[in-house]
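Trainee: Below you'll find the structure I mean.
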There are 4 protein chains.
Amino acid sequence: MDLQPSLTIGILTSGGDAPGMNACIRSIVRTGLANNARVLGVYNGYEGLIDGEYRPLGARDVGGILQRGGTILQTRRSSRFMEKTGQRDAIRKMNEAGMDALIVVGGDGSLHGAQALHEQGVRVIGIPASIDNDIWGTNIAIGVDTAMNTIMDAVDKLRDTASSHSRAFLVETMGRNSGYLAVMAGIVCGAEVVLIPEVQSTVEEVAQSLENAYKRGKNHSIVIVAEGSGFRATELAKSLDDMDVGFKTRVTVLGHIQRGGSPTAYDRLVASRMGFKAVEALLAGQSGVMTGLKGRGIDLVPIADVIANKREVNMEYYEMAKVLAR
Amino acid sequence: MDLQPSLTIGILTSGGDAPGMNACIRSIVRTGLANNARVLGVYNGYEGLIDGEYRPLGARDVGGILQRGGTILQTRRSSRFMEKTGQRDAIRKMNEAGMDALIVVGGDGSLHGAQALHEQGVRVIGIPASIDNDIWGTNIAIGVDTAMNTIMDAVDKLRDTASSHSRAFLVETMGRNSGYLAVMAGIVCGAEVVLIPEVQSTVEEVAQSLENAYKRGKNHSIVIVAEGSGFRATELAKSLDDMDVGFKTRVTVLGHIQRGGSPTAYDRLVASRMGFKAVEALLAGQSGVMTGLKGRGIDLVPIADVIANKREVNMEYYEMAKVLAR
Amino acid sequence: MDLQPSLTIGILTSGGDAPGMNACIRSIVRTGLANNARVLGVYNGYEGLIDGEYRPLGARDVGGILQRGGTILQTRRSSRFMEKTGQRDAIRKMNEAGMDALIVVGGDGSLHGAQALHEQGVRVIGIPASIDNDIWGTNIAIGVDTAMNTIMDAVDKLRDTASSHSRAFLVETMGRNSGYLAVMAGIVCGAEVVLIPEVQSTVEEVAQSLENAYKRGKNHSIVIVAEGSGFRATELAKSLDDMDVGFKTRVTVLGHIQRGGSPTAYDRLVASRMGFKAVEALLAGQSGVMTGLKGRGIDLVPIADVIANKREVNMEYYEMAKVLAR
Amino acid sequence: MDLQPSLTIGILTSGGDAPGMNACIRSIVRTGLANNARVLGVYNGYEGLIDGEYRPLGARDVGGILQRGGTILQTRRSSRFMEKTGQRDAIRKMNEAGMDALIVVGGDGSLHGAQALHEQGVRVIGIPASIDNDIWGTNIAIGVDTAMNTIMDAVDKLRDTASSHSRAFLVETMGRNSGYLAVMAGIVCGAEVVLIPEVQSTVEEVAQSLENAYKRGKNHSIVIVAEGSGFRATELAKSLDDMDVGFKTRVTVLGHIQRGGSPTAYDRLVASRMGFKAVEALLAGQSGVMTGLKGRGIDLVPIADVIANKREVNMEYYEMAKVLAR
């Protein structure tokens, strides 16, 4: 007996890619199928939504992707979708394809798009994915844990070579608007100094911290520089070398390495759970909400609230990082 | 001006070692020192507590240990400490050394010891560390995240070779009393079957699941077998081969590899936060409590409650694992 | 202008899979195309050769496989191909498909097959791939370096937990006919004892070595047990525990994990070079030869010699392992 | 019976640190002890040799260092030792300490120092360690394999995120005077373009290669930029973005990460073998020679020849990299 599909669900990934997006897609597809839904993969983000780049996804199509970085659906910025016309074109295409609902996996910008669709009557669920962890309404977004481990592994290697030379290593991390990744990296890497968008610092303060560490007998020092901190690692290094803080400086700019790699267990788990919850939410008739990790459970948070609020960095962690680097 | 130390704090690690114990020791030492406390490392667990194997730990003594597996304080089982006499001997030694309070990092057995000391008037704080995640009162114990990633990396490698042959891989994981690790591993590894102490299963059921997977067209299958499930991977493999389930079986027994390795970012973070919180708790006059992760914060939970309760495996995850392996 | 392809080359992978096989396939395809050849992928080893499972491979078909374990062409044992009839069927299919020559990537059994084809007039080149490194005529086969690093990473993790307990870890590695992998692993892991097919050992000798290590003050001991050594790790562990050698024993059976994982730089390099050389050899009119690493260069060795000779383990390494474990 | 030590051997590490130096130290110490020699660790390179920073090393002192990056003996540049006076001071200190012979582990500069001592009658053996692989007389130096794998892992992560966006990633690697590391990395990473000191390239040529790759349908491109190539990755990126080559560019500067990390199996093996051979050579009365990997064996090469010759990059590899990136 062939059951009539209960629902046709589209999935799209959008914005900067994050490790775990594929685990999330796999979870949505298989949870959907287990609930007698049909699942359509939307390729190339909102661009593909407008252009009707949809392909049905079966259980085998998402085999072997759990452990892969990036997103098999690809992602792209879409300026067309910022306009009402683009949104209307997308809605028409979705209707033509019989798509009843959409799950959007991405960051802040992607959720704005989701909200726009919701307001025009589309059933839509958001799932937060952003290595910066700058999304309000969830403890953690998909990709953060993997990115943090990538930074940590890099700094661990720097520390090896530090045992031989008195050096300060400046490591530039992602985080244009949020210092979350940098602060957490600071704690798990034992960094002496963490420079973030949320806290104003001067070269003199950095120099002072390093000089103090040098005097305390540390044989090396790590400085984490978030992209959005106002400092560029290479220029900061030059200034510090001129000021003679005891340590010689060296620079590492991790760049997009932080977006890549096979997702960690944590990211696969969160991604799987959020995908599962998103399908459940759709089947329960929800729309305009995002899955958010709260304690041990996954909640649903209105996307309107998510995009209206700014996630703050927890300053306690910032202070703790300083104590632990002694 | 030399300040009189506010407090002399002992630290011991006990029971099976867990990745992140060193990160926790480092956090306790540096947070203690920042608060003008003196910190004594107790070597060899409760055995060393009885024998007075104490050494002062300074900020530099815990340099470079954040990233190391195991525990620099070593751990050992102590039958002497199970007896009142042993406990009294330990308390006398602590008094002789001027130790005002003790932080115990370990699993269920270690917390029983901590509670015994607390009941005899010793100021004591517990910190949960156990790769099995079988401790009540905290979302997660130190070491779980690293162990899960170790299992996952192993299974990811098995999957590579699976692309060439139709095989079922049986992976035996730790977890004598708890299926937590196995269930979570099942989700993040995409396992077809998960065998745990909490759920009775038969060889026939396992065979049926594998045969179904084979018929669905899967080119390989993963079975996670928790140590305490009643099955031994090698014997199960023989039975399955006799029953001809489509896949040929292969066995991997991970063993103590699961206890080792440099701690993940998550374990370093939780360990650092719990160490920080434990010192704060001591300074605030607390005793007989354990640090427990609740949502985003670290709470204090009476150790008496922790050891009186059994942590249950979340059966929702068990069910979710099945859906996602389709 | 469309050039007439100079040559149509088939590739097949056969026997146990080895990390680096995909890097080799990629190299053959792109080197072939750069030389105006056409390349056909043969799926499922010699079985597929008989059944005509051939698909043309273009430059983009081998994009993104350099870093993948296993083999995209899959591998399978073929009993049909052991018979003359099977071989003749294969040759007919090759002729029908216009396949002028064949490159076989695999172990000893695969090379026997290649030789059989060569003797019947097929142009064929062999490339050695076997994690056991049991192939005569080349310093190293594809896959060995990755397997060795996998074993090493596992043992490094065991050593972490060894810092806490006095334990002997028994690690069972692959190597049915050759102790190469076990001996090399012994050196890079600092193993106290290495048990291999080439050297007869008794339980008493193993016990003696461990007891000596214990008395010398080692806080842990590693025993590498090659699959073909005549010992099974689990049974050896029981005997040693009965004999009380000082250390308590623990067992790890790595199993097929050793075949998996993304290939190391060394394996990608050797695989790429051998693939490159094999195409060059075909274009130069060679047949019946295998690519073999000699010093810094890749030589061509008659396959007849390769399969007539047995590669011996270098006993100097076996002795060196003992000295270095002191 | 206490044997009179046959010989007192000093070890020093010098120049830039390389993963595997510790494995080499361990091998020298244990091989020395097994041959009844006494071993002195010289701290801080040639500086420590002048200042008499010597400490006896026993078998247990080198326990647990096999897997560690960096060097426990530390390394430092010494301007004093460039002068005859410094060298004479060092020789006097060595005599005072009863040091009969010295093993120097390091790069080109370190070998110059070794040769100076040899010419003044000191028994000295060199061991090549340099992640750049710029030392003549050996196929490979200690540290190269680990550095290459570090670069490769980083690029593999970049490739993940490349599946989503059309991007060219510029990765700056070490290699001030030698393109070896960059060329090899180019092959194992599948780089489109490799820029090295030995080959003059223009921005226009790079742009052309990327544009061609874009037109061929590649969805990403990797450019490896050796430090000594004359290009800086960040500036090259700006130029390419201005020229619009199809791909948008992103930059990663790996920096000292390439020097760190636990050594690979290959580096541990080569380091162990070279340490073993160096002690053997000393016991056989050799001096003024360096251990060099030739084929499967370790040879002894006059240090005078090593420092008189420049190692050339193998241009065949450079060409092969281009073919394979198609």
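The values are calculated or read from the model by the stated rules, or taken from the named source; none is laboratory data. These numbers were taken from a predicted model, which means no experiment stands behind them. Heads up, the Cβs are rebuilt from the backbone with ideal geometry, glycines too, and the neighbour counts pull from every protein chain shown. These area figures cover heavy atoms from the full protein model, side chains too; ligands, DNA and RNA do not enter into them. Shrake-Rupley method; radii C 1.70, N 1.55, O 1.52, S 1.80 Å.
Trainee: For the stretch C:266-302, state which trypsin sites (Lys or Arg not before Pro) are in a DSSP loop and have at most 16 other beta carbons lying within 10 Å of their beta carbon.
Mentor: C:296
Trainee: Compute accessible area for the stretch D:284-326 by itself and then with all protein chains, 1.4 Å probe, and report residues whose area falls by 20 Å² or more.
Mentor: Buried by the other chains: D:295, D:296, D:311, D:317, D:320, D:323, D:324, D:326.
Trainee: Just to verify a number: FRET efficiency for residue A:166 and residue A:201, C-beta to C-beta distance, R0 = 30 Å, to 0.05?
Mentor: Numbers: r = 23 Å, r/R0 = 0.76.
Between residue A:166 and residue A:201 the formula returns 0.85.
Trainee: Where the only charges are on Cβ atoms (+1 Lys, Arg; -1 Asp, Glu), what is the dipole of the stretch C:119-164 about its Cα centre, to the nearest 20 debye?
Mentor: Numbers: 3 positive and 7 negative charges, 15 e Å.
It works out to roughly 80 debye.
Trainee: Could you please state, rounded to a whole Å, how far the C-alpha centre of the stretch A:19-51 is from the C-alpha centre of the stretch A:212-261?
Mentor: 41 Å
Trainee: Still on this model: Over the stretch A:204-326, what lengths in whole Å, largest first, do the semi-axes of the equivalent ellipsoid take, defined as the square roots of 5 times the eigenvalues of the alpha-carbon gyration tensor?
Mentor: On the way: eigenvalues 351, 49, 45 Å².
Over the Cα atoms of the stretch A:204-326, the ellipsoid semi-axes are 42, 16, 15 Å.
Trainee: In the Gaussian network model of chain B, springs joining C-alpha atoms below 10 Å, which of B:157, B:93, B:248 carries the largest mean-square fluctuation?
Mentor: B:157
Trainee: Just tell me how shielded C:63-72 is by partners: mean number of partner chain Cβ atoms within 10 Å of each residue's Cβ, no decimals. Don't jump to the answer; show the numbers that get you there.
Mentor: Values: counts 7, 7, 1, 9, 9, 2, 9, 8, 4, 2.
Partner Cβ neighbours, averaged per residue: 6.
Trainee: Using the Karplus equation 6.51 cos²θ - 1.76 cosθ + 1.60 (θ = phi - 60°), what ³J(HN,Hα) coupling, rounded to whole Hz, does each residue of the stretch D:303-314 give in order, writing x for Gly and Pro?
Mentor: Once rounded to whole Hz, the list reads 4, 4, 5, 4, 7, 8, 10, 10, 6, 9, 6, 6.
Trainee: With Cβ to Cβ distances under 11 Å as the rule, what net charge do the other residues near residue D:93 carry (K, R +1; D, E -1)? It would help to have the intermediate numbers written out before the result.
Mentor: Details: positive: D:88, D:92; negative: D:51, D:53, D:89, D:96.
Summing Lys/Arg as +1 and Asp/Glu as -1 gives -2.
Trainee: Shifting gears a bit: Rounded if a/c is under 1.5, else prolate if a/b beats b/c, else oblate: with a ≥ b ≥ c from the C-alpha gyration tensor eigenvalues square-rooted, which is the stretch B:269-317?
Mentor: Working: a/c = 3.20, a/b = 1.49, b/c = 2.15.
Oblate, because a/c is 1.5 or more while a/b does not exceed b/c.
Trainee: Label residue B:77 and residue A:216 with points 7 Å out from Cα along Cα→Cβ: what is the distance between them in nm?
Mentor: 4.0 nm
Trainee: Next up: Each residue of the stretch B:286-302 in turn: what ³J(HN,Hα) in whole Hz from Karplus with 6.51, -1.76, 1.60 and θ = phi - 60°, glycine and Pro shown as x?
Mentor: 6, 7, x, 10, 10, 6, x, 6, 10, x, 8, x, 9, 9, 10, 10, x
Trainee: Here's a follow-up. Leaving out ligands and nucleic acids, note down the accessible area per residue over the stretch D:1-134 with a 1.4 angstrom probe, in whole Å². Walk me through the numbers on the way to the answer.
Mentor: Values: 4850 Å² over 134 residues.
Each residue of the stretch D:1-134 exposes 36 Å² on average to a 1.4 Å probe.
Trainee: Using only C-alpha positions, report the orientation-averaged shadow area of the convex hull of the stretch A:147-259, nm², one decimal.
Mentor: Values: hull surface 24.1 nm².
Its average projected convex-hull area is 6.0 nm².
Trainee: Additional query: Name the residues whose placed amide hydrogens come within less than 5 Å of the amide hydrogen of residue D:290, ignoring near sequence neighbours (fewer than 5 apart) on the same chain.
Mentor: It is D:126, D:301, D:303, by chain and number.
Trainee: Another question, then. About the Cα centre of the stretch D:166-250, what is the dipole size in debye to 20, counting +1 per Lys and Arg Cβ and -1 per Asp and Glu Cβ, all else neutral? Walk me through the numbers on the way to the answer.
Mentor: Working: 9 positive and 11 negative charges, 66 e Å.
So the magnitude is around 320 debye.
Trainee: Could I ask something else about it? I want to verify a result. In a Gaussian network model of chain C, Cα cutoff 10 Å, which of these has the top mean-square fluctuation: C:192, C:83, C:172?
Mentor: C:83
Trainee: Pick from D:46, D:214, D:54 the residue whose mean-square fluctuation is largest in a GNM of chain D, springs joining Cα atoms under 10 Å.
Mentor: Evaluated over chain D, the most mobile residue of the options is D:214.
Trainee: Placing unit charges on C-beta atoms (Lys and Arg positive, Asp and Glu negative, everything else neutral), compute the dipole magnitude of chain C about its Cα centre in debye, rounded to 20.
Mentor: Details: 35 positive and 36 negative charges, 140 e Å.
Result for chain C is approximately 680 debye, rounded to the nearest 20.
Trainee: Based on the Cβ-Cβ distance of residue A:35 and residue A:95, what FRET efficiency does E = 1/(1 + (r/R0)^6) give at R0 = 22 Å, to the nearest 0.05?
Mentor: Working: r = 22 Å, r/R0 = 1.00.
The calculated FRET efficiency here is 0.50.
Trainee: If each label sits 7 angstrom from Cα along the C-beta direction, how far apart, in nm, is residue C:6 from its counterparts in the other copies?
Mentor: 5.6, 6.1, 7.9
Trainee: Ok, one more. How would you classify the protein assembly as shown from its alpha-carbon gyration tensor, with a ≥ b ≥ c the square roots of the eigenvalues: rounded for a/c under 1.5, else prolate if a/b is greater than b/c, otherwise oblate?
Mentor: Numbers: a/c = 1.29, a/b = 1.04, b/c = 1.24.
Rounded shape, in that the Cα axes give a/c under 1.5.
Trainee: Place the label 7 angstrom along Cα→C-beta at residue B:201 and in each other copy, then list the distances from the first to the rest in nm, shortest first.
Mentor: 3.5, 4.9, 5.2
Trainee: Return the subset of B:322/D:157; A:248/D:322; D:157/D:322; C:215/D:93 for which the Cα-Cα distance in this structure is over 28 Å, preserving the input order.
Mentor: On the way: B:322/D:157 30 Å; A:248/D:322 38 Å; D:157/D:322 21 Å; C:215/D:93 36 Å.
Check vs 28 Å cut-off fails for B:322/D:157; A:248/D:322; C:215/D:93.
Trainee: For the stretch B:103-207, what does the alpha-carbon gyration tensor say about shape, rounded, prolate or oblate, given a ≥ b ≥ c as the root eigenvalues, a/c under 1.5 as rounded, and a/b over b/c as prolate?
Mentor: On the way: a/c = 4.32, a/b = 2.33, b/c = 1.86.
The shape class here is prolate.
Trainee: A further question on this structure: Estimate for me the total accessible surface buried between chains D and A (protein heavy atoms, probe 1.4 Å, no ligands or nucleic acids), in Å² to the nearest 100. Intermediate results must be reported in sequence, preceding the final value.
Mentor: Details: alone 14300 and 14330 Å², together 26270 Å².
When D and A are taken together, about 2400 Å² of accessible area is lost.
Trainee: If you don't mind, there's one more thing I want to ask. In nm to one decimal, list the spacings between the residue C:316 label point and its equivalents in the other copies, with label points set 7 Å along Cα to Cβ, shortest first.
Mentor: Listed shortest first, these distances are 2.4, 6.2, 6.3 nm.
Trainee: With label points built 7 Å along Cα→Cβ from the Cα atoms of residue D:120 and residue A:319, find their separation and express it in nm.
Mentor: Placing both labels 7 Å beyond Cα along the Cβ direction yields 5.8 nm.
Trainee: Return the chain A residue and its Cβ-to-axis distance, rounded to the nearest Å, for the rotation relating A to C.
Mentor: For the rotation taking chain A to chain C, the closest Cβ gives A:262, 5.
Trainee: Two decimals, Cα atoms only, Kirkwood Rh: what is Rg/Rh over the stretch B:2-138? It would help to have the intermediate numbers written out before the result.
Mentor: Values: Rg = 13.9 Å, Rh = 14.8 Å.
Rg/Rh for the stretch B:2-138 comes to 0.94.
Trainee: Here is a follow-up. Please compute the length gained on full extension between residue C:244 and residue C:177, using 0.36 nm multiplied by the number of residues separating them and subtracting their Cα-Cα distance. Mind showing how you got there, number by number?
Mentor: Details: separation 67, 0.36 × 67 = 24.12 nm, distance 3.08 nm.
Separation in residues times 0.36 nm, less the Cα-Cα distance, equals 21.0 nm.
Trainee: Based on alpha-carbon atoms only, what is the radius of gyration of chain B relative to the globular estimate 2.2 N^0.38 Å? Intermediate values should be presented prior to the final figure.
Mentor: Values: Rg = 21.9 Å, N = 326, 2.2 N^0.38 = 19.8 Å.
For chain B, the normalised Cα radius of gyration comes out at 1.11.
Trainee: Please list, in chain and number order, the residues 5+ apart from residue B:8 or on another chain whose amide H is under 5 Å from its amide H, with Hs placed from the backbone.
Mentor: When sequence neighbours closer than 5 places are left aside, the close amide H contacts are B:38, B:100, B:101.
Trainee: Give me the accessible area per residue for the stretch B:147-259, probe 1.4 Å, as a whole number in Å². Walk me through the numbers before you get to the answer.
Mentor: Values: 3730 Å² over 113 residues.
Result: 33 Å² per residue.
Trainee: Sticking with this one: Go through the stretch B:178-200 and flag every residue whose accessible area shrinks by 50 Å² or more with all protein chains in place compared to the isolated chain (probe 1.4 Å).
Mentor: B:188
Trainee: Given a 1.4 angstrom probe, I'd like the percentage of the accessible area of the stretch C:147-259 that is carbon and sulfur, rounded to a whole number.
Mentor: 44 percent
Trainee: State, to one decimal in nm, how far the label point of residue B:299 lies from the label point of residue D:286, with both points 7 Å from Cα in the Cβ direction.
Mentor: So the label points at residue B:299 and residue D:286 sit 6.8 nm apart.
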